[in-house]
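Single-structure report; data block below.
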Amino acid sequence: MGFFDFLIEEIAIDLGTANTLIIHNDKVVVDSPSIVARDRTSGKITAVGKEAAMMQGKTHENIKTIRPLKDGVIADFDASEKMLTMFIKEIPALKKKLFTPTLRMVICIPSGITEVEMRAVKESAERVNGKEVYLIHEPMAAAIGIGVDIMQPKGNMIVDIGGGTTEIAVIALGGIVCDKSVKIAGDVFTNDIVYYMRTQHNLYVGERTAEKIKIQIGAATEDLEVPPDEMSVQGRDLLTGKPKQVNISYREIAKALDKSILRIEDAVMETLSQTPPELAADIYNTGIYLAGGGSMLRGLDKRLSQKTDLPVYIAEDPLRAVVRGTGITLKTLNRYKGILIK
């Protein structure tokens with residue numbers, strides 16, 4: 001500390017399976033898909049983020065798109081590191097600097113992560129010039145981002161449905177009392193839709209199209225108050241091999257996703273059943289908070305509410321709840337020192 005303080009820049013990172021977000025000076029400066037494109041011959045990373053996402057499913061054999069984070073964990077060490085480096089270089093305020101500043105960073109990680117995986121995240125961060133690297137568990141960050149005062153002796157339940165994992169946690173006194181991490185989340189929903197289109201409509205659609213369907217008309221129940229319009233979906237006909245188009249309603253997507261959502265419901269029920277009685281009493285009053293992109297699935301809040309008989313609230317801007325929480329811990333490091341992992 002001391003003299004070199006002005007050279008240190010602080011950033012908060014949500015390293016997600018689907019999207020990576022970075023906060024610098026209280027602003028979200030990076031919000032990009034966690035995907036890179038690699039040139040097979042030279043082995044160089046040619047594109048990251050949105051640019052690489054456009055290429056997904058449309059590449060020839062010389063380009064490969066990689067999602068370096070599988071289930072919220074680093075699967076491709078090299079690619080994830082390059083991706084982080086390129087995202088950090090994209091931060092406008094850091095571009096102007098003469099030399100790369102040293103970074104103090106807080107990164108959030110899934111709660112079901114192993115020691116080895118934790119070290120991989122830290123090493124990646126240190127390689128991109130992170131001198132002080134703190135880690136925080138995702139449900140904690142989500143809770144702080146939603147605006148829950150986690151230091152109180154009060155139970156709060158957070159369900160964070162991301163791309164690779166769904167994190168369910170009961171939090172009190174600045175710690176996780178019971179948690180469950182299931183590998184059913186946005187990616188699985190997308191694959192469910194691909195499978196459904198293939199089996200029910202003989203239509204082969206790519207991952208990007210399936211994701212579009214999920215966002216545009218995805219639903220968790222078949223009885224929505226404000227149903228979205230039908231959507232026309234293009235893909236390849238499996239029988240004739242010709243490109244074709246079919247119209248899909250949200251009811252079909254609700255059917256396609258039903259089994260996966262059931263498993264998320266079960267995980268929530270199981271976590272509730274492990275909650276100590278005093279905290280269960282608190283949760284009866286406070287309800288369940290939803291965060292993460294998956295919480296935007298139409299009717300999911302209603303469905304969870306019916307299953308648990310508890311009020312269910314969706315965070316405002318659920319996609320950014322986790323990174324907001326991570327950013328808040330960065331600003332008030334001393335208050336949250338206890339919950340960060342050094």
Quick calc, the chain, dipole around Cα centre from Cβ unit charges on Lys, Arg (+) and Asp, Glu (-), nearest 20 debye, gives 1120 debye
Scoring only Lys, Arg, Asp and Glu (+1, +1, -1, -1) among other residues with Cβ under 11 Å from the Cβ of Pro318 yields -2
A student asked for the Cα radius of gyration and Dmax of the range 166-274 in angstrom ought to give 16.9, 60
Per principal axis, largest first, the Cα atoms of the range 69-121 extend in Å by 38, 20, 14
In whole percents, the bins of 5 Å from zero upward hold the Cα-Cα pairs of the range 105-228 as 2, 10, 15, 15, 15, 15, 12, 9, 5, 2, 0
Note, the range 57-73: 3J(HN,Hα) by Karplus (6.51, -1.76, 1.60, θ = phi - 60°), whole Hz, Gly/Pro = x, goes x, 10, 8, 9, 5, 8, 10, 10, 9, 10, 9, x, 10, 10, 6, x, 10
Here the range 1-93 gives, from Cα atoms, an Rg and Dmax in Å of 14.7, 52
If each K or R counts +1 and each D or E counts -1, the residues other than Leu272 whose Cβ falls under 13 Å of its Cβ total -4
So, with points 7 Å from each Cα along the Cβ direction, the Phe77-Asn62 label distance in nm works out to 3.0 nm
Relative to the compact-globule estimate 2.2 N^0.38 Å (N residues), the Cα gyration radius of the chain stands at a ratio of 1.03
Dimensionless Rg/Rh of the range 183-336, both radii on Cα and Rh by Kirkwood, sits at 1.06
Taking max minus min of the Cα coordinates of the range 142-204 on each principal axis, largest first, gives extents in Å of 54, 20, 14
Cross-link reach from Lys58 to lysines, straight Cα distance under 29 Å and at least 8 residues apart if same chain, gives Lys44, Lys50, Lys70, Lys82, Lys89, Lys183, Lys212, Lys214, Lys242, Lys244, Lys255
Across 10 Å bins beginning at 0, the whole-percent shares of Cα-Cα pair distances in the range 211-258 come to 27, 48, 22, 4
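In a shell of Cβ-Cβ distance under 12 Å around Met157, excluding Met157 itself, what net charge do Lys and Arg (+1) and Asp and Glu (-1) give? Working shown, then result.
On the way: positive: Lys154, Lys180; negative: Asp160, Glu167, Asp179, Asp282.
Summing Lys/Arg as +1 and Asp/Glu as -1 gives -2.
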With Rg from the Cα atoms and Rh as the Kirkwood inverse mean 1/r over Cα pairs, the range 274-342 has an Rg/Rh of 1.06
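Just so you know, all these numbers are worked out from the coordinates, no wet-lab data involved. If you're wondering where the values come from, they're calculated on a predicted model, not measured in any experiment. Every residue, glycine as well, gets a Cβ built from its backbone with ideal geometry; the counts of neighbours run over all protein chains shown.
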